[in-house]
Amino acid sequence: MRRVRVVVHGEVQGVGYRYATRRQARRRDLSGWVRNLPDGSVEAEIEGDDEMVESMLGWLAAGPPEAEVVTVTAHELEATREPGSEASDFRITH
């Protein structure tokens, strides 16, 4: 299991980035959340299977078609889910 906090900079607000992130995370059985930050970036915390987290990081670097991602920074956190457990949910927060 792996857990990361990610900040995405670029044209990522007002383009459906958070909703697309939630959809992609749920497809990968990931737990966590996503939110807009006051500086125009998007922050997310994702947790789940190592391979699925890596896949999600790749998707975050591109984002939905309307987004223009400039940089993605990821910081590793201590995982809280047990291996093999189901994702609790992935939500949009404010």
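The values are calculated or read from the model by the stated rules, or taken from the named source; none is laboratory data. Note that this is a predicted model, so its numbers are computed, not measured. Ideal geometry is used to build each Cβ from the backbone, glycine not excepted, and the neighbour counts take in all protein chains shown. All accessible areas refer to the heavy atoms of the entire protein, side chains included, with ligands and DNA or RNA removed. Shrake-Rupley method; radii C 1.70, N 1.55, O 1.52, S 1.80 Å.
State, as an integer percentage, the relative contact order of the range 1-78 based on alpha-carbon contacts under 8 Å between residues 6 or more apart. Could you put the intermediate results ahead of the total?
Working: 152 pairs, mean separation 38.6, N = 78.
Relative contact order, the range 1-78: 49 percent.
Size of the dipole of the chain about the Cα centre, Lys and Arg at +1 and Asp and Glu at -1 on the beta carbon, nothing else charged, in debye to 20?
Numbers: 12 positive and 17 negative charges, 66 e Å.
Computed about the Cα centre, the dipole is about 320 debye.
Compute the acute angle (0 to 90°) between the alpha-carbon long axis of helix 17-27 and the principal axis of greatest extent of the alpha-carbon atoms of the chain; round to the nearest 10°.
With rounding to tens, the tilt is 20 degrees.
Give me the accessible area per residue for the chain, probe 1.4 Å, as a whole number in Å². List each step's numbers first, then the result.
Working: 5250 Å² over 94 residues.
Spelled out: the 1.4 Å probe surface of the chain, per residue, equals 56 Å².
From the convex hull of the Cα coordinates of the chain, what is the mean projected area in square nanometres?
On the way: hull surface 21.2 nm².
That works out to 5.3 nm².
Provide the per-residue ³J(HN,Hα) series for the range 46-63, in order, calculated from phi with Karplus coefficients 6.51, -1.76, 1.60 and θ = phi - 60°, each as a whole number of Hz, with x at glycine and proline positions.
With coefficients 6.51, -1.76 and 1.60, one gets 10, 8, x, 4, 3, 5, 6, 5, 4, 4, 5, 4, x, 5, 4, 5, 9, x Hz.
How many percent of the accessible area of the range 1-68 is carbon or sulfur, using a 1.4 Å probe? Don't skip to the answer; put the middle values down first.
Details: 1370 of 3190 Å².
Looking at the range 1-68 in its full context, I get 43 percent from C and S.
Can you compute the charge dipole magnitude of the range 1-47 about its Cα centre, using +1 on each Lys and Arg Cβ and -1 on each Asp and Glu Cβ, nothing else charged? Give it in debye, rounded to the nearest 20.
300
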